[in-house]
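Single-structure report; data block below.
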Amino acid sequence: MTAHSLSSVDPVTAGSTGGIAAPRPAAPPARRNRRGSRAERLAPLVLLAPAVLIIVGLRLWPLVLGINFSFTGDGDRDGMMVGFDNYLTLLGDPLFRTALRNVGLLVLLLPVAVAIPGLLATFIFLKVPGHRVYRGVYFFPAVLSPVIVGAIFNLLLAFDGPLNALLGGLGIGPVDWLGDPDVAIFAVVGVHVWATFGMALVVFLAGFATLDSSLLDAAKVDGASLPQTIWHVIVPSLSRTIQFVFVTTMIGMLTSMFGLVYVMTSGGPEGSTYLPEYYVWIQQGQMNQPALASAASTALFLIMLVVGLAQIGILRRAGKED
Amino acid sequence: MKQRTPWTATLVAALALTAAGCGSASGPGNSSGGSSDKLVVWDWKSGDAKAAGYVQKAKADFAKKHPGVNVEFVAQPFDQYYTLLGAAIQSGKGPDVILFNGGGQIRDRADALAPLDSYVADDKQRLAGWDAFTKDGKIFAEPVTLQGHPIYYNKDLYQKAGLNPDAPARTWDDFVKNCGAVTQKTGAKCFSLGNKEGIGIQFWLSALGSAVLTPQEYDDWIAGKRNWSSPDVKKIFELWKQAGDSGLNTDGANSTAMFNDAFAAFNSGKAANIIGLMSDVGHWKDFAEFLTPEKVGVMQAPLVNPAAKPSLAYDGGIGYAVAKWTKDPKVASDLVRSLTSTDALKAFYLDGGAIASDTTIDTAEGGPAVKTIVSAVKTGKPALHVALSSKTIDLMGRLSQQLLSGSITVDEVLQQLAASDKTG
């Protein structure tokens with residue numbers, strides 16, 4: 001909306017600066033319509049003002065304050081400009097590096113997180129027996145809050161919990177799902193995917209609704225197997241949907257895992273499940289280092305900006321292909 | 001796409017403006033808090049039904065001194081408490097009276113508080129636990145409860161194992177031997193341990209420290225002269241690792257939350273001992289749902305080093321402080337004094353089971369655990385972990401998890417802790 005509104009301001013500003021370098025009163029040729037043109041000139045500004053003010057006042061200005069704050073010190077140096085000290089501290093902090101590494105891991109796990117709802121949606125679309133039940137069941141976790149989901153899985157994944165009891169029954173030794181630093185992050189991401197894939201599933205189903213059924217019929221007539229149908233017919237027709245799900249899943253993973261991390265592992269064990277968000281919270285609330293937290297959130301903002309722009313670029317290119 | 005240009009330009013301009021640096025966002029912090037006829041108190045206790053009687057008594061006491069002043073209690077969720085408080089401090093306005101945990105939490109924020117020395121002199125004798133609220137010789141809060149780390153044990157399990165429940169082990173070797181007997185007879189582990197948040201090691205350090213360090217080493221530690229390369233300090237962390245390696249702890253300690261999973265395990269008899277707390281949660285009264293007070297004992301830390309002198313580790317637990325931006329510090333500190341009056345604290349002890357800072361309260365009906373704790377308060381010393389900065393404590397939590405999983409050696413742990421302790 002803003003992009004649109006700002007662009008429509010352009011002609012006005014161009015009009016006032018583009019003419020002869022005259023002071024405030026309008027240039028002679030426009031004299032006849034002066035009153036009318038001034039009103040015309042002001043109207044868009046007045047109409048846009050609420051939206052622009054809200055965005056500048058409630059979005060950009062706090063953002064600028066926050067970024068500015070990240071260049072000040074904590075504790076004894078409160079309020080002093082310290083340049084890039086906070087950012088150097090971040091780079092030197094193994095915890096923050098773990099958090100960034102985990103972000104990288106999330107990006108790597110993204111295809112899995114997209115493939116699961118995609119595959120399940122395909123099965124539902126192909127009307128496997130009981131597909132109506134599955135549609136409801138798959139969506140169900142999406143309505144639970146992360147705290148509830150985390151609490152449920154805390155019980156299931158506890159060292160003496162049911163999952164380990166089941167594994168024990170199969171003769172496999174217990175796994176400390178949330179206490180082993182090599183396993184915990186995968187457990188948390190797995191639970192996150194479980195809790196959120198319902199939303200992506202719905203998007204996929206919507207995409208399937210636009211699928212040309214004659215193509216599928218043609219494939220069936222040609223004797224294509226199920227994997228062949230999926231790979232050569234369904235995936236190409238759904239490329240835009242898939243890309244959309246990629247973008248939204250990525251954003252979900254980067255911005256809304258705090259609740260799960262907080263409830264399931266508290267960033268542990270050994271700090272192995274730290275994510276930038278959690279780091280920001282710890283530094284601000286527990287370590288009383290708001291400026292450092294501010295620097296970390298600026299870093300997170302930049303990561304999101306880069307990832308977001310890259311994904312918009314991909315989406316746009318996909319749009320052109322259509 | 002052309003449309004996005006102004007956006008990008010705005011952003012770049014904003015970033016450039018910022019990088020140039022134009023003052024702090026935190027501001028000078030000079031604006032005042034509540035008005036003079038109203039005091040706002042922030043805490044995480046007053047919403048709790050168990051604290052209702054306490055708040056009522058304190059309010060009544062204050063109303064006698066200042067009938068015209070309104071007091072408003074704002075109970076914040078504890079999870080978010082210091083985050084919210086941090087925001088209030090940054091903006092330089094907020095509550096007049098603030099509840100704090102003793103130790104690092106209040107010391108880190110002492111800049112925002114008014115020293116209370118001149119107002120609380122009359123209470124110095126009556127209350128215990130001042131050290132946790134003192135920084136650079138100045139008192140910043142009056143203690144409400146005492147918080148410490150007694151070693152609780154389940155007398156039932158000791159009895160079932162054929163041990164005398166009223167004569168717990170005095171030395172570490174005997175203690176481990178008793179644990180072996182308990183495990184063999186009842187299947188219960190020695191310690192119920194929850195170290196998911198890294199809290200287990202804090203309790204361990206403070207509960208067993210006095211049985212390992214010599215009195216001199218102990219006092220030096222509290223005074224800030226911490227020798228991380230001393231063999232006795234090393235011994236504490238070695239014992240932690242040994243306890244983990246030799247299976248003394250309940251399973252999956254690194255994924256078990258201290259609150260309340262570890263306490264639940266102790267309650268349900270899955271372990272014979274637990275290093276618990278004295279106030280708030282995880283104390284004798286908390287166990288009472290399953291373990292009646294006479295079944296819970298408190299033992300002195302079993303002696304590891306013959307040169308050590310075991311004592312109860314405790315500090316001021318929570319206490320009320322006065323913000324420096326309050327209009328009239330005298331009135332605010334009178335409220336703090338009401339909040340620590342004997343009547344109010346007695347209600348807190350009776351309803352919540354907390355060990356109150358007031359040493360004159362009669363605790364005779366509390367059962368053997370309370371009796372042992374209260375008698376040990378006189379000879380007790382500040383807890384070792386409370387003397388560390390929150391940064392070092394956080395690091396220690398993570399390192400302790402690594403010790404349990406075996407991915408680090410005790411020497412490396414001590415090295416990292418020493419480095420963190422030096423930089424504060």
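The values are calculated or read from the model by the stated rules, or taken from the named source; none is laboratory data. Note that the coordinates shown come from a computational prediction; the quantities given were computed from them, not determined experimentally. A quick note on method: Cβ atoms are made from the backbone with ideal geometry, for glycine too, and the neighbour counts reach across all protein chains shown.
For the reader, a short list of remarks on this structure follows.
- Answer residue from region B:358-382, given it is small (Gly, Ala, Ser) and loosely packed, with under 15 Cβ neighbours inside 10 Å and is farthest from B:Thr145 (Cα to Cα) among those: B:Ala364
- The condition (being at pLDDT 90 or above and either part of a helix (DSSP H, G or I) or at positive phi (or both)) is satisfied by just one residue among B:Ala419, B:Ala383: B:Ala419.
- Filtered residues of region B:155-179 (kept if in a helix (DSSP H, G or I) and of a type in the set (Asp, Glu)): B:Asp156, B:Asp173, B:Asp174
- Considering region B:378-403, and only residues there that are among the basic types (Lys, Arg) and within 11 Å of another protein chain (Cβ to nearest Cβ), the residue that is farthest from A:Asp176 (Cα to Cα) turns out to be B:Lys391.
- Condition broken by A:Val183, with the remaining ones in (1) within 14 Å of chain B (Cβ to nearest Cβ); (2) of a type outside the set (Lys, Arg); (3) touching a Gly at 6+ places or on another chain (Cβ under 8 Å) satisfied: (3)
- The residues of region A:296-312 that are touching a helix residue (DSSP H, G or I) at 6+ places or on another chain (Cβ under 6 Å) and either among the charged types (D, E, K, R) or over 18 Å from A:Leu90 (Cβ atoms) (or both) amount to a single one, A:Gln311.
- Filtering region A:169-189 to residues that are in a helix (DSSP H, G or I) and over 29 Å from the mean Cα position of the chain (by Cα) leaves only A:Gly169.
- Qualifying residue in region B:190-202 (condition: in a helix (DSSP H, G or I) and of a type in the set (A, V, I, L, M, F, W, C)): yes
- One residue stands out in region A:125-156 among those that are in contact (Cβ under 8 Å) with a residue 24 or more places away in the chain and among the aromatic types (Phe, Trp, Tyr): the one that is farthest from the other protein chains (Cβ to nearest Cβ), namely A:Phe125.
- Tallying residues that are more than 11 Å from every other protein chain (Cβ to nearest Cβ), of a type outside the set (Ser, Thr, Tyr) and more than 23 Å from B:Leu403 (Cα to Cα) within region A:253-291 yields 8.
- For first residues located in region A:215-234 and in the same structural domain as A:Leu120 (by TED's automatic domain parsing), partners that are of a type in the set (D, E, K, R) and in a helix (DSSP H, G or I) and lie 6+ apart or on another chain with Cβ distances below 9 Å form the pairs A:Thr229/A:Lys220.
- Where B:Ile274 falls short, out of the listed (1) touching a helix residue (DSSP H, G or I) at 6+ places or on another chain (Cβ under 7 Å); (2) modelled with pLDDT under 95: (2)
- A:Phe159, sole failed condition from (1) of a type outside the set (Asp, Glu); (2) within 14 Å of chain B (Cβ to nearest Cβ); (3) surrounded by 13 or more Cβ atoms within 10 Å (Cβ to Cβ); (4) part of a helix (DSSP H, G or I): (4)
- Single unsatisfied condition, A:Leu108 versus (1) within 14 Å of chain B (Cβ to nearest Cβ); (2) within 30 Å of B:Ile408 (Cα to Cα): (1)
- Considering region B:123-166, and only residues there that are in the same structural domain as B:Lys185 (by TED's automatic domain parsing) and among the charged types (D, E, K, R), the residue that is surrounded by the most Cβ atoms within 10 Å (Cβ to Cβ) turns out to be B:Lys155.
- Looking only at region A:56-76, and only at residues there that are facing another protein chain (nearest Cβ under 9 Å) and of a type in the set (A, V, I, L, M), the one that is nearest to B:Ala112 (Cα to Cα): A:Leu65
- With respect to (1) in contact (Cβ under 8 Å) with a residue 60 or more places away in the chain; (2) over 20 Å from the mean Cα position of the chain (by Cα), the lone exception for B:Leu205 is condition (2).
- Here A:Val193 does not fit the description of being within 32 Å of the chain's Cα centre (by Cα), surrounded by 14 or more Cβ atoms within 10 Å (Cβ to Cβ), within 14 Å of chain B (Cβ to nearest Cβ) and closer than 30 Å to B:Ser255 by Cβ.
- Region B:248-270, residues that are part of a loop (DSSP other than H, G, I, E, B), surrounded by 21 or more Cβ atoms within 10 Å (Cβ to Cβ) and among the polar types (S, T, N, Q): B:Thr250, B:Thr256
- Output for region B:50-74, where each listed residue is within 29 Å of B:Asp286 (Cβ to Cβ) and part of a loop (DSSP other than H, G, I, E, B): none
- Selection count, region A:237-281, where residues are without any contact (Cβ under 8 Å) to a residue 24 or more places away in the chain, surrounded by fewer than 23 Cβ atoms within 10 Å (Cβ to Cβ), of a type outside the set (Phe, Trp, Tyr) and more than 24 Å from A:Met199 (Cα to Cα): 1
- Of all residues in region B:95-122 being among the acidic types (Asp, Glu) and in a loop (DSSP other than H, G, I, E, B), the one that is surrounded by the most Cβ atoms within 10 Å (Cβ to Cβ): B:Asp96
- Of the strands (runs of 3 or more DSSP E) entirely within region B:271-370, those holding at least 1 residues that are farther than 30 Å from B:Gly180 by Cα occupy B:314-316, B:318-322.
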